[in-house]
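Input: a single structure, listed below in structure tokens.
Just so it is clear, none of the values below were taken in a lab; they were calculated from the coordinates. Everything quoted here is computed from the prediction, not taken from an experiment. Cβ: placed from backbone, ideal geometry, glycine included. Neighbour counts: every protein chain shown.
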């Protein structure tokens, strides 16, 4: 009697049918456009902040919270969003996140007061946290051949990296000619178009059997609350001293909740983050590099935008256009990395990229109050962004190498969480360094403020230097991702 072979386990994240060539191209465009929109909103607001503050009569702290509220909502829910994409299905999670993000953008554009705008930004961050991991999951589950996946991830990394620079350019144009509310309204038609395209081209993924029931809710709640409390404590350093209860109480609560999360994950049968994945050297190192890169990158857009408008006297449009060379440099760096990563592996590109950015930040730290974009900003800014473009795609490859389809959302959620938490910490820390340096300087106000920006950018160089050194911990050749 012939033994019957056991039925193969279902691929819990596989699409219900294999996409055609046209469909795979459409999926790549949809995923890249959605990720571009999410990252765009990190920087598009920066150029418009002075106009928002004047229009809504915001304090300096309120102006900063327009940025921080988005980061807070984004960082707190990224892991949950990434795991939900694995268990529920990338298409469902993608459409849910896109819907929340689009509606919150509409609410932000209609906001009549500072509190409403900050609330809308927080909800925007929640939508982005659900949407962003799903974009990378779509790519990883659609492109299984290694070189095709590398090209797809190169495109995804390029538009993600360019989103920061393009946001500053677009924010300047919209603020100058249409008003600051259009930095939010612009997401509405784009969100609707992406939703319609996703309904047509993205196949429905089955998700895991009983996916919602398998979602580790205690782990999700503890890590979400822990990250939110920790980031809240960090960003509160903008307006309070480090020893203030407003800073250390939520920070301590965040640390305790994250410790509880680790304990929960070691006990439950289906953890949100299997602790074994964190013991992978390549994944852990790549996330540390992403953390340092995010800390420097987020602060760079914010500090340079304020320097050009407050010190150099540029309009929102002029400041936005000054970011265009950086946008082009990031795209160039990402394309170079995509072509070379299969020959060299991620490590040389990361080391080279972070070394270039470190040199650029060190150069930028020499800003002067009577300088100009051409003499003080242009060349070092391009050096910074070229290095970031070289690093963004290889670090994503390193972080997701060896990850199977069932963990695609988890790996992307970890990468995005590291970037966002690093960005929140970097922005809070470097903005605090800038304000404290300014407060201790005597002489003309413009020189004191510029000195603060310069010192903060020097600290940003320390972050990218740490990323360069950390890149040496990666193996010489990263293993190929399992199909």
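On a per residue basis, the convex hull of the C-alpha atoms belonging to segment 216-271 measures out at 49 Å³. Anisotropy class assigned to segment 272-314 is prolate, per the alpha carbon gyration tensor with a/c at or over the 1.5 cut-off and a/b larger than b/c. Figure legend: label point modelled 7 angstrom from the Cα of residue 332 along Cα→Cβ; no residues of segment 439-473 have amide N under 13 Å from it.
Neighbour counting of Cβ atoms within 10 Å sorts the residues 51, 216, 370, fewest neighbours leading, into 370, 51, 216.
In what sequence do 267, 91 fall when counting other Cβ within 10 Å, fewest first? List each step's numbers first, then the result.
Details: 267 9, 91 23.
In increasing order of surrounding Cβ atoms, one gets 267, 91.
The modelled label-to-label distance for the pair residue 240/residue 269, using points 7 Å beyond Cα in the direction of Cβ, is 4.2 nm. The C-alpha atoms of the chain define a longest principal axis, and helix 408-440 lies at about 10 degrees to it.
Length available on full extension from residue 185 to residue 217: 0.36 nm per residue minus the Cα-Cα distance, which gives 8.1 nm.
For the chain, the longest principal axis of the Cα atoms and the long axis of helix 90-110 meet at an angle of about 20 degrees. In this simple spin-label model, placing a label point 7 Å from the Cα along the Cα-to-Cβ direction at both residue 200 and residue 147 gives a separation of 3.1 nm. Put in order of Cβ neighbour count within 10 Å, fewest first, the listed residues 275, 192 become 275, 192.
In the calculated pair distance distribution of the chain, what percentage of Cα-Cα distances lie above 32 Å?
Numbers: 41987 of 116403 pairs.
Summing the P(r) of the chain above 32 Å gives 36 percent of all pairs.
The simple spin-label model puts a point 7 Å past each Cα toward its Cβ; for residue 59 and residue 33 those points are separated by 4.2 nm. With contacts taken as Cα pairs under 8 Å and at least 6 residues apart, segment 198-329 reaches a relative contact order of 19 percent.
In the chain, the longest principal axis of the Cα atoms and the axis of helix 346-364 are about 10 degrees apart. Working from Cα pairs under 8 Å separated by at least six residues, relative contact order for the chain is 23 percent. The gain in end-to-end length when the residue 439 to residue 110 segment is fully stretched comes to 114.8 nm, 0.36 nm per residue minus the alpha carbon separation. Once you reduce segment 332-356 and segment 128-160 to the center of their Cα atoms, the two points are 17 Å from each other.
Is segment 62-108 rounded, prolate or oblate when judged by the Cα gyration tensor, a ≥ b ≥ c being the square roots of its eigenvalues, rounded requiring a/c under 1.5 and prolate requiring a/b larger than b/c?
Numbers: a/c = 5.66, a/b = 1.69, b/c = 3.35.
Taking the square roots of the gyration eigenvalues as a ≥ b ≥ c, segment 62-108 is oblate.
Please report the base-10 log of the normalised intensity I(q)/I(0) for segment 220-348, using a Debye sum with one equal scatterer per alpha carbon and no solvent, at each q in 0.19, 0.22 (1/Å). Summing over Cα pairs of segment 220-348 leads to -1.11, -1.20.
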